[in-house]
């Protein structure tokens, strides 16, 4: 799908507009090629057009039959590709599964990128096989807030230089967390940022953007957790100072995920995410 890079006609801080990531051409600027299968919960969400599938958004495998992504990503006919490094190749590590149900947060406003609640759960047609190439994401405990400058990485399939072509190889970029007190300053994102969001990046020395719906992978006590779902960035350009990439904060939506299909998400000792099956429609 052709990505459009939109520039604000007035480069004043107060006129910077939030824009969903898939509308921005620069997706993993400042990044590098990821080590194959270093982020085994990363998925490619692909849409059907004229008989072929095309990558549009990222996401995270949170259970064998469930994927977490951004609400603004889901439309049309979908499939999920897991275990991929090069999404245009038929790699033996890949698993391809159809999406059968989509659960969008009820408060999400498709006409307002900064309204928040940009999160969705996708039910897959079958459970995937876990192996060295496909693994479940670890989710944070409910309400957990990361400190300023906590190390994180975004991942996705995109360009590594401003204006460069999109890549079919998975990329990663380092983005430190910017806490709410910093990100909500008037010369940063101001009131656009909500407490249910998390900011990362925002300097010329860090990466930016990422595939919409893709994970913000943050290191906590030596382990990576998916703390964010990529939502929006600056309408100016990548690496605009004080305009970090903004993510849906996963820890603010654990309760919502518990309620999807009358299921309950359990965090065993806050180290791994487990879904409990309570009926035939539950997360299994």
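Restricting attention to the stretch 221-228, does a residue exist that is assigned to a loop (DSSP other than H, G, I, E, B), touching a helix residue (DSSP H, G or I) at 6+ places or on another chain (Cβ under 9 Å), surrounded by fewer than 23 Cβ atoms within 10 Å (Cβ to Cβ) and at pLDDT 90 or above? The answer is no; no qualifying residue exists.
Residues that are assigned to a loop (DSSP other than H, G, I, E, B) and either buried (at least 21 other Cβ atoms within 10 Å of the Cβ) or outside the structural domain of residue 242 (by TED's automatic domain parsing) (or both) were ranked within the stretch 143-159; the one that is modelled with the highest pLDDT is 146. Might you check whether a residue that is modelled with pLDDT of 60 or more, at positive phi and part of a loop (DSSP other than H, G, I, E, B) occurs anywhere in the stretch 3-26? So far as the stretch 3-26 goes, no, none of its residues is modelled with pLDDT of 60 or more, at positive phi and part of a loop (DSSP other than H, G, I, E, B). Of the residues making up the stretch 91-112, at least one is within 22 Å of residue 167 (Cβ to Cβ), assigned to a loop (DSSP other than H, G, I, E, B), free of Cβ contacts under 8 Å to residues at least 12 places away in the same chain and more than 16 Å from the chain's Cα centre (by Cα).
Residues that are outside the structural domain of residue 170 (by TED's automatic domain parsing), buried (at least 21 other Cβ atoms within 10 Å of the Cβ) and without any contact (Cβ under 8 Å) to a residue 60 or more places away in the chain: does the stretch 69-77 have at least one? Yes, the stretch 69-77 contains at least one residue that is outside the structural domain of residue 170 (by TED's automatic domain parsing), buried (at least 21 other Cβ atoms within 10 Å of the Cβ) and without any contact (Cβ under 8 Å) to a residue 60 or more places away in the chain. Looking across the stretch 35-56 at every residue that is at pLDDT 90 or above and crowded, with 20+ Cβ neighbours inside 10 Å, the one that is farthest from residue 252 (Cα to Cα) is identified as 46. When residue 128 is tested against (1) touching a strand residue (DSSP E or B) at 6+ places or on another chain (Cβ under 6 Å); (2) not assigned by TED's automatic domain parsing to the domain that holds residue 257, exactly one condition is not met: (2). Filtering the stretch 229-272 to residues that are part of a strand (DSSP E or B), more than 18 Å from residue 145 (Cβ to Cβ) and modelled with pLDDT under 90 leaves 232, 233, 234, 264, 265, 266, 268, 272.
Check off (1) assigned to a loop (DSSP other than H, G, I, E, B); (2) loosely packed, with under 15 Cβ neighbours inside 10 Å; (3) at pLDDT 95 or above for residue 181 and give me the number that stays unchecked. That leaves (1) as the condition not met.
The values are calculated or read from the model by the stated rules, or taken from the named source; none is laboratory data. Since this is a predicted model, take the numbers as computed values, not measurements. Glycine gets a Cβ as well: all are built from the backbone with ideal geometry, and neighbour counts include every protein chain shown.
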